[in-house]
Amino acid sequence: MFWRRPKRAMVDLTTEPESPRYEADLVLVHGLWSGPWLWRAAAAGFAHRGWRCLIFDGRPGRERGGAGRDDMVAWQEDLRATIERLEVPPVLLGHDVGGLLALALAARGSVRAAIAIAPLLEGVGSLVKPLPRVLGRLTGREIAPPDRVHPVLAGEEDAARTELLGQMVSEPAARALALAGTLLSPAAPLVPALLVAQADDPSVSPVAVEIAASGIEADFQRHPGGHWPMLGGGTDAWVGRMHRWIIQRCGASLLLLRGDEDLRDE
């Protein structure tokens, strides 16, 4: 396994599998205030299980193929264009806002399967205080990430919280405050889809995620932990649960190999 920077636009890093097993790649999409770094430990776990991982870079300020803007529409268009350039439709995993984008592409049938982790189906009200929201809408002021004492960070393991605080960046108001419409009310997916909630996530209600999954006839899982399950000491176990769902729902059509080894976590 190794890391390299590919030529594909908007893909920040690629993790090659230790032993390729699947014809489709995984595309990993971060959410607000974070970036490709969020997925590096999880990508290593998926690569160990035979997946090639492409980590999408949707951070503000990136050169965006002529789009020239940092808003939610540009973020969606960039991800869709990246998916369409792949030879084989990928399995898409999105976190936070990335989870909402994953569901939008699943509703279009653009991917092989989609997993939405802690999707912000209720918007950013629990993450951004009223005054920054008002100033952002009136002046376009950037929206700072949650601070150390915010519940969405305070409940994380020390190592995960330190990593988050050291890497998170402010978001343009046109991205952080633009969640509305179909993003918050996803349509029924045309491919297998899973919505994942964490029991201790103070920003995303597991009940709301379960109701949304039921409403669009998608699968639902609730796991222990907070908003950032791909960080911290439980990363590998969490990756194993995501891996098992993909194999169980997508079946033999993904496999390059045949045999029990494709169903093992190790």
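Name the long-range amide H neighbours of Phe220: under 5 Å, sequence gap of 5 or more, or other chain; modelled H, no Pro or chain starts.
Result for Phe220 returns Leu195.
Which length gain, in nm to one decimal place, applies between Val134 and His150 when the Cα-Cα distance is subtracted from 0.36 nm times their residue separation?
3.9 nm
From the C-alpha gyration tensor of region 119-236, pull out the three semi-axes of the equivalent ellipsoid (sqrt of 5λ each), sorted largest to smallest, in whole Å.
25, 21, 11
Helix 206-215 versus the longest principal axis of the chain: what is the Cα-based angle in degrees, 0 to 90, to the nearest 10?
Tilt of helix 206-215: around 60 degrees.
Taking the Cα centre of the chain as origin, work out the dipole magnitude from +1 charges on Lys and Arg Cβ and -1 charges on Asp and Glu Cβ, in debye rounded to 20.
Charge dipole, the chain, about its Cα centre: 600 debye, nearest 20.
Count neighbours as other Cβ atoms within 10 Å of each site's Cβ, and list the trypsin sites (Lys or Arg not before Pro) in region 122-202 that are DSSP loop with at most 13 such neighbours.
Arg148
Hey, with R₀ at 30 Å, roughly what FRET efficiency would Ala159 and Val207 work out to, going by the Cβ-Cβ distance, to 0.05?
It comes to 0.55.
Along the Cα→Cβ direction, 7 angstrom out, place labels at Phe220 and Ala187. What is the inter-label distance in nm?
Between Phe220 and Ala187, the simple spin-label model gives 2.3 nm.
Which value in deg cm²/dmol, rounded to the nearest 500, describes the helix-derived mean residue ellipticity at 222 nm for the chain, given -39,500 (n - 2.57) per DSSP H run of n ≥ 4 and division by the residue count?
Helix-only estimate at 222 nm: -9500 deg cm²/dmol.
Ser19 versus Asp57, label points 7 Å from Cα toward the beta carbon: distance in nm?
Between Ser19 and Asp57, the label points sit 3.3 nm apart.
Please compute the contact order of the chain in relative form: average sequence separation of alpha-carbon pairs under 8 Å and at least six residues apart, divided by the residue count, as a percent.
RCO, the chain: 20 percent.
For the chain, with a Gaussian network of springs between Cα atoms less than 10 Å apart, report the residue from Gln221, Gln198, Gln248 with the top mean-square fluctuation.
Fluctuation is largest for Gln248.
Below 8 Å between Cα atoms, with a sequence gap of 6+, how large is the relative contact order for region 59-179 in percent?
Worked out over region 59-179, it gives 24 percent.
Which residues' amide hydrogens lie under 5 Å from the amide hydrogen of Gly225, considering only partners 5 or more residues apart or on another chain, with H built in the peptide plane?
Amide H neighbours of Gly225: Ala199, Asp200.
Please identify, among Ala154, Ala176, Ala188, the residue showing maximal mean-square fluctuation in a Gaussian network model of the chain using a 10 angstrom Cα cutoff.
Ala154
Considering amide H positions built from the backbone, and no H for Pro or chain starts, which residues 5 or more places from Ile143, or on another chain, come under 5 Å of its amide H?
Amide H neighbours of Ile143, under 5 Å, 5+ apart: Glu171, Ala173.
Sort region 169-238 into rounded, prolate or oblate with this rule: let a ≥ b ≥ c be the square roots of the eigenvalues of the Cα gyration tensor; rounded if a/c is under 1.5, and if a/c is not under 1.5, prolate when a/b is larger than b/c, oblate otherwise.
Oblate is the answer for region 169-238, as a/c is 1.5 or above yet b/c matches or exceeds a/b.
Karplus couplings for region 120-136 from phi (6.51 cos²θ - 1.76 cosθ + 1.60, θ = phi - 60°), rounded to Hz, Gly and Pro as x?
7, 5, 9, x, 9, x, 7, 10, 10, 5, x, 4, x, 5, 5, 5, x
If one takes the longest principal axis of the Cα atoms in the chain, at what angle in degrees, from 0 to 90 and to the nearest 10, does the Cα axis of helix 235-250 lie?
It works out to around 60 degrees.
Can you tell me which of Leu101, Leu256, Leu121 moves the most in a GNM of the chain? Springs connect C-alpha atoms under 10 Å apart.
With Cα springs under 10 Å in the chain, the top fluctuation among Leu101, Leu256, Leu121 is at Leu256.
Here, each number is a calculation from the coordinates, and none is a lab measurement. Quick caveat: nothing in here was measured; it's all calculated off a predicted structure. Cβ atoms come from the backbone with ideal geometry, glycine included; neighbour counts cover every protein chain shown.
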